[in-house]
Amino acid sequence: MDWVVRLFAGLTATFAVVGLWGVSEPTPTIPTPTPVTALRTHEKPQSAPSTTTTTTLPVPADALCPQWWPLAIEVGWTVDLLPTLDYVMWRESRCDPTQHNTTLNRDGSTDVGLTQINDRSWCLPTRWYPGGYLQTIGALPTVGCEQLFDPQLNLISAKAIYDYALQHNRNGWQPWGL
């Protein structure tokens, strides 16, 4: 019986890899990156004044949502994941954090913000997570999904969802159909 589980896991991983390479939807091509600077403030102890340092972040010239790359890095996304995150933000919301899909889901759920996080799956109370999954893990401070219109909280939550899917499905992009 163990061989069935291994076979299913192997097939799932194969389909995940095929999906990541854009069989179902093409992903944008990423040319040689051009440097863009992102400012980060690092606080020093009170005896020393605060300073601002400049870090070079490689953003491709044809990035679809370059304005969100520095924030994504700040909240924990890694540079290697940014091209796909960029594509997800463009496909889901056209880089607009105020987007709210209230009509396209058959089950009546809605998708919220920059990465269009599904309310029923991730931030509303369920029998497994009475306070909501994202609230239970500390990604969102209060019950409800309105906070997902905040780009920072949306990207933090999207990273938590990516990590969950990577751990459980071996494909962090699976919640977005990639």
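Values quoted throughout were computed directly from the atomic coordinates according to the rules given, and no laboratory measurement underlies them. Small disclaimer: the values here were computed from a predicted structure and weren't measured. Backbone-built Cβ (ideal geometry, glycine too); neighbour counts: all protein chains shown.
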The answer for chymotrypsin sites (Phe, Trp or Tyr not before Pro) in region 89-178 that fall in a DSSP coil and have at most 13 neighbouring Cβ atoms within 10 Å is 128
Magnitude of the Cβ-charge dipole (Lys and Arg +1, Asp and Glu -1) of region 62-176 about the Cα centre, nearest 20 debye, reported as 380
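Across every pair of different alpha-carbon atoms, what Kirkwood hydrodynamic radius in Å does region 62-176 reach?
14.1
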Under a point spin-label approximation (7 Å from Cα along Cα-to-Cβ), what is the residue 121-residue 152 distance to one decimal in nm?
2.6
Run the simple label-point estimate for residue 104 and residue 74 please: 7 Å along Cα→C-beta, distance reported in nm.
2.8
